[in-house]
Amino acid sequence: MIREFDTPLMKEMRGHRSIRQYKPDRLPAGMVQAIISSAQMASTSSFLQFYSVVAVEDVGRKDRLAELCGNQEHIRQCPIFLVFCADVHRLKRVCEREGTRIQTKHVESFLIATVDAALLAQNVALAAESLGLGIVFIGGIRSRPREVIAELELPDLVFPITGMCLGYPAVDPPRKPRLPLPAVLHCERYQTEEIDTHLDAYDERIIGLEMFEHLETGEVYGWMARAARRMAYADPERLRVDVGPVLRQQGFGLE
């Protein structure tokens, strides 16, 4: 029933896949600029535009960033690697010029900048995919934030939120089905009564697609087993325990 409302954009959105192998083709001149400029029309808190993007093409810099992100080969392979940053530094400059003092001691400053950057990044993904490009978000940009900040020469009150590989896909991977709509869309209040029912149905579907299997045993497992293992990791790099200290180093308060 809901598909009767599909627009061309919504159909494009339903076709999203994360791309981790890219053709060597360079992007046409001006394409990245066109993508970012269209993405800038994303909603932004109080029209303050708390974001910046660093576009990386240099082979050496991509190699160093790939290492810092957990040695992810697709960062080296893609023609353009984007780093989306929560940016309050620019507003600090504005306040200085206007004779006021910026307030950044509360966590809200970082949250609104993070939301702004994330909205921009998702708009970039949609714009890029509409041009036939593929993308994959890189949360590993936060694994070693001190080194990333040094590599990109990010000033105070700027923090890397997510990376994104951008390029022409060299593969055509299948789509990963998302949770059933009733598991994420709650009417009037958060409804806990049917959560297990929805999770069981989703897990059964994922197991049927044989998306995940143990490398050693060959046993097929579902989304819940995968998610539970992921959320139980105690590896400091996985948990990104440096994020809080580096945020404070960059001038963000977390009160």
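The values are calculated or read from the model by the stated rules, or taken from the named source; none is laboratory data. The structure displayed is predicted, hence computed values, not measured ones. Using ideal geometry, Cβ is built from the backbone for each residue, glycine included, and neighbour counts are taken over all protein chains shown.
So the values come out like this:
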quantity: Qualifying residues in the range 141-177 (those that are of a type in the set (Asp, Glu) and assigned to a helix (DSSP H, G or I)) - the one surrounded by the fewest Cβ atoms within 10 Å (Cβ to Cβ); calculated: Glu147
quantity: Among residues of the range 63-88, those that are closer than 14 Å to Ile161 by Cβ and touching an Asp or Glu at 6+ places or on another chain (Cβ under 6 Å), counted; calculated: 0
quantity: Unique residue being touching a Gly at 6+ places or on another chain (Cβ under 6 Å), of a type in the set (A, V, I, L, M, F, W, C) and at pLDDT 95 or above when the list is Cys85, Cys69; calculated: Cys69
quantity: Test: Tyr51 is touching a His at 6+ places or on another chain (Cβ under 8 Å) and in contact (Cβ under 8 Å) with a residue 40 or more places away in the chain; calculated: no
quantity: Any hit, the range 73-89, residues being in a loop (DSSP other than H, G, I, E, B) and without any contact (Cβ under 8 Å) to a residue 40 or more places away in the chain; calculated: no
